[in-house]
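Below is one structure; the comments refer to it alone.
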Amino acid sequence: MVTSRFPRTTMATTRATTLEGGLPGARLRSATGCTSEVYRHGAHVASWRDAEGEDIIFLSSRAVFKPPKAIRGGIPLCFPQFSDLGPLAQQHGFARNEQWQHVDPPDDRDEDGANVTMRLVASDATRAAWPHEFVATFTARLVGDEMHTSLTVRNTDATPFEFTVALHTYFAVGDIARASVVGLENARYLDSLDGRVEKTDSDKAVVFEREVDRIYQNTQDVLTVADPGNDRSIVITKTNLPDAIVWNPWVEKSLNTSDLGDCDYKSFLCVEAAATATPVALEPGAEWTCGQVLRVVKQTK
Ligand code: TA6
């Protein structure tokens, strides 16, 4: 049982601090006692816990905190490319491997919510992979029992560019065999385990009995992770992200993924709000923003 490291106050707080592996980041605490840790490495939300200290977002038991390697778990930012859907050789782009800068040092007490904003500006390293001038700004905000995240991309170049993107969220579940994802019935998806063949999901919910890796297209904006193993559901409300990837590596892939515990697949599933089917196109000077709000609904016995 994780106990809260923060005194119970009504004020939400945000503190810049040193996190795992000696990496810089911020700790957020909402007025209702929920907490989160956000790393400057990748502008990576690595944890979100409720007031009792229960994980809502999953972090691998073998996560590595050594840049440039991405942190396994939390909310990796896939930008400017999701998976291999784009010109970059790097799976999921580079945003999750880069060091982001704090915007407005986050030492703050705020009645409304704890929040941290980080920025990534094009550099020689990013230009080598993707020859464009851009500014990406990520904000994580705890508002009571909700987590709000948003990503804004501005084209600071003289020419247009396009990208694909995902909030690759790892949700903690009590028991994968009883968990499911609701809201994708009749949605079309590309099956990444079957040559990205296009299929239609006729099931009432996505359940997990084997590896699942699907890119759902043009889904509804509200999806739910049903997690009876923790007597709760997690409601995802996404904005400007028409697609959603659903993933669980199951046994084999978990064994072959060094920064995942062998049995970790039983304790998480990913629902990744994304824009993949139609890349986002930005003219010079233009800006685009997306986001998601996560909210826990407790099941009453
Ligand atoms: O989003 C699902 C996926 O693209 C899977 O195919 C799997 O590769 C997963 O992402 C994890 O990717 P990573 O590069 O973090 O190991």
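The values are calculated or read from the model by the stated rules, or taken from the named source; none is laboratory data. Remember, predicted model here, so these are calculated numbers, not experimental data. Here Cβ is always computed from backbone atoms with ideal geometry, including for glycine, and neighbour counts include all displayed protein chains. In case anyone asks, the SASA skips ligands and DNA or RNA and just uses the protein heavy atoms, side chains included. Shrake-Rupley method; radii C 1.70, N 1.55, O 1.52, S 1.80 Å.
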Item to check | Answer from 253, 238 - the residue that is touching a residue at least 24 places away in the same chain (Cβ under 8 Å), more than 14 Å from the ligand (Cβ to nearest atom) and out of contact with any Lys or Arg (no Cβ under 9 Å at 6 or more places or on another chain) | outcome: 238
Checklist entry - Taking residue 272, is it part of a strand (DSSP E or B), of a type in the set (Asp, Glu) and open to solvent by 60 Å² or more (accessible area, probe 1.4 Å)? => result no
Item to check | Members of region 99-144 found to be open to solvent by 30 Å² or more (accessible area, probe 1.4 Å), assigned to a loop (DSSP other than H, G, I, E, B) and modelled with pLDDT of 95 or more, listed by number | outcome: 123, 131, 132, 133
Item to check | Among (1) under 24 Å from residue 215 (Cα atoms); (2) touching an Asp or Glu at 6+ places or on another chain (Cβ under 6 Å); (3) polar (S, T, N, Q) - the single one residue 164 does not satisfy | outcome: (2)
Checklist entry - For residue 169, all conditions in the list (1) open to solvent by 10 Å² or more (accessible area, probe 1.4 Å); (2) within 16 Å of the ligand (Cβ to nearest atom); (3) not acidic (Asp, Glu) hold save one; what is the number of the exception? => result (1)
Checklist entry - Hey, does region 87-98 have a residue that's open to solvent by 50 Å² or more (accessible area, probe 1.4 Å), among the small types (Gly, Ala, Ser) and away from the ligand (no atom under 16 Å from the Cβ)? => result no
Item to check | Criterion (touching a Phe, Trp or Tyr at 6+ places or on another chain (Cβ under 8 Å) and outside any strand (DSSP E or B)) met by exactly one of 265, 216 | outcome: 265
Next on the checklist: If residue 69 satisfies all but one of (1) within 15 Å of the ligand (Cβ to nearest atom); (2) touching a Leu at 6+ places or on another chain (Cβ under 9 Å), what's the number of the condition it fails?
Outcome noted: (2)
Checklist entry - Would you pick out the residues in region 227-246 that are in a strand (DSSP E or B), of a type in the set (A, V, I, L, M, F, W, C) and surrounded by 20 or more Cβ atoms within 10 Å (Cβ to Cβ)? => result 234, 236, 244, 245, 246
Checklist entry - Here are some residues: 209, 198. Which one is surrounded by fewer than 15 Cβ atoms within 10 Å (Cβ to Cβ), out of contact with any Ser or Thr (no Cβ under 7 Å at 6 or more places or on another chain), assigned to a strand (DSSP E or B) and modelled with pLDDT of 95 or more? => result 198
Item to check | Condition check for residue 233: closer than 16 Å to residue 274 by Cβ and not aromatic (Phe, Trp, Tyr) | outcome: no
Next on the checklist: Residues to consider are 42, 73, 21, 53; find the one that is modelled with pLDDT of 95 or more, at positive phi and surrounded by fewer than 22 Cβ atoms within 10 Å (Cβ to Cβ).
Outcome noted: 53
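Quick one: which residue in 300, 289, 278 is surrounded by fewer than 20 Cβ atoms within 10 Å (Cβ to Cβ), free of Cβ contacts under 8 Å to residues at least 60 places away in the same chain and under 30 Å from residue 161 (Cβ atoms)? Give the derivation first.
On the way: 300 fails: under 30 Å from residue 161 (Cβ atoms); 289 fails: free of Cβ contacts under 8 Å to residues at least 60 places away in the same chain.
Of the residues listed, the single one that is surrounded by fewer than 20 Cβ atoms within 10 Å (Cβ to Cβ), free of Cβ contacts under 8 Å to residues at least 60 places away in the same chain and under 30 Å from residue 161 (Cβ atoms) is 278.
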Checklist outcome for this item: Checked pairs for region 51-68, first without any contact (Cβ under 8 Å) to a residue 60 or more places away in the chain, second among the aromatic types (Phe, Trp, Tyr) and not in a strand (DSSP E or B), C-beta under 9 Å and 6 or more apart or across chains, list as 68/94
